[in-house]
Amino acid sequence: MNPAFPAELITLVGSSLMGGMMKMWAMSNAARREERLLAMQALNQQAGHIDSARRYSNSGFQWTRRVIALTCVFSVIALPKIIAIWRPDILMQVGYPELEEGFWFFTNDVEKIHWKEVRGLTITPLDTHLLSAIVGLYFGGSLAGHNRF
């Protein structure tokens, strides 16, 4: 029986394909390793910047930070809660982002803001995001959960 392809040709093609796949796999692993190293360097630089901002000793800067944080907390979080308790008949508009599917399978999902009318005391996503940013500023990014990669 005479084979259609010689065994040497099958071996050559098979080993070439296998070698190419192994080379691509090794390059992919090296790229992932490099990406992780760059991410670690970026996190170290970010931690250094955060630490130097916290250690900045100008009293005017510290008071400005406090005023901004307290103004945000009062106007975005406390004032709507006070109004909701004082005048529960007033409607509030609350916007929240929601992913909507793209057109069929070949487009990306789209983030759209949906608005709802609410009455009474509510905790919105803006409340939680703002508080986590303030906690991150004063107590560190690890408490607020800003170290996501």
Computed on Cα atoms, the radius of gyration and Dmax of the chain in angstrom are 28.0, 95
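Over the stretch 43-131, what portion of Cα pair distances is larger than 15 Å, expressed as a whole percent? Intermediate values should be presented prior to the final figure.
Details: 2888 of 3916 pairs.
Roughly 74 percent, once rounded to a whole number.
Tell me the Kirkwood radius of the stretch 1-49: reciprocal of the mean inverse pair distance over distinct alpha-carbon atoms, in Å. Don't skip to the end; give the middle numbers.
Details: mean 1/r = 0.0707 Å⁻¹.
One over the average 1/r among Cα pairs gives 14.1 Å for the stretch 1-49.
For LYS112, LYS23, LYS81, give me the order by solvent-accessible area with a 1.4 Å probe, most accessible first, ignoring ligands, DNA and RNA. Show your work: numbers first, answer last.
Working: LYS112 95, LYS23 130, LYS81 35 Å².
The ordering from most to least exposed comes out as LYS23, LYS112, LYS81.
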Placing one equal point scatterer on each C-alpha of the stretch 86-128 and summing with Debye, one gets log10 I(q)/I(0) at q = 0.16 Å⁻¹ equal to -0.55
Asserting the computed 222 nm helical MRE of the chain (DSSP H runs at least 4 long, -39500 (n - 2.57) per run, divided by residue count, to nearest 500) equals -20500 deg cm²/dmol
Mean separation of Cα contacts under 8 Å (at least 6 apart) over the residue count of the chain, i.e. the relative contact order in percent, is 16
Cα-based Rg then Dmax for the stretch 1-87, in Å, read 31.2, 95
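For ILE90 and ILE68, what does the FRET efficiency come to when R0 = 25 Å and r is the distance between their Cβ atoms, rounded to the nearest 0.05?
On the way: r = 27 Å, r/R0 = 1.08.
Step by step, r from the Cβ atoms, then E = 0.40.
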Any DSSP H helix in the chain with Cα axial reach of 18 Å or more and mean Kyte-Doolittle score of at least -0.5? Listed by number, the hits are 7-55, 59-72, 125-139
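The values are calculated or read from the model by the stated rules, or taken from the named source; none is laboratory data. What you are looking at is a predicted structure, and each value in this text was computed from that prediction instead of being measured. Methodologically, a virtual Cβ is constructed for each residue, glycine included, from the backbone with ideal geometry; neighbour enumeration extends over all protein chains shown. All accessible areas refer to the heavy atoms of the entire protein, side chains included, with ligands and DNA or RNA removed. Shrake-Rupley method; radii C 1.70, N 1.55, O 1.52, S 1.80 Å.
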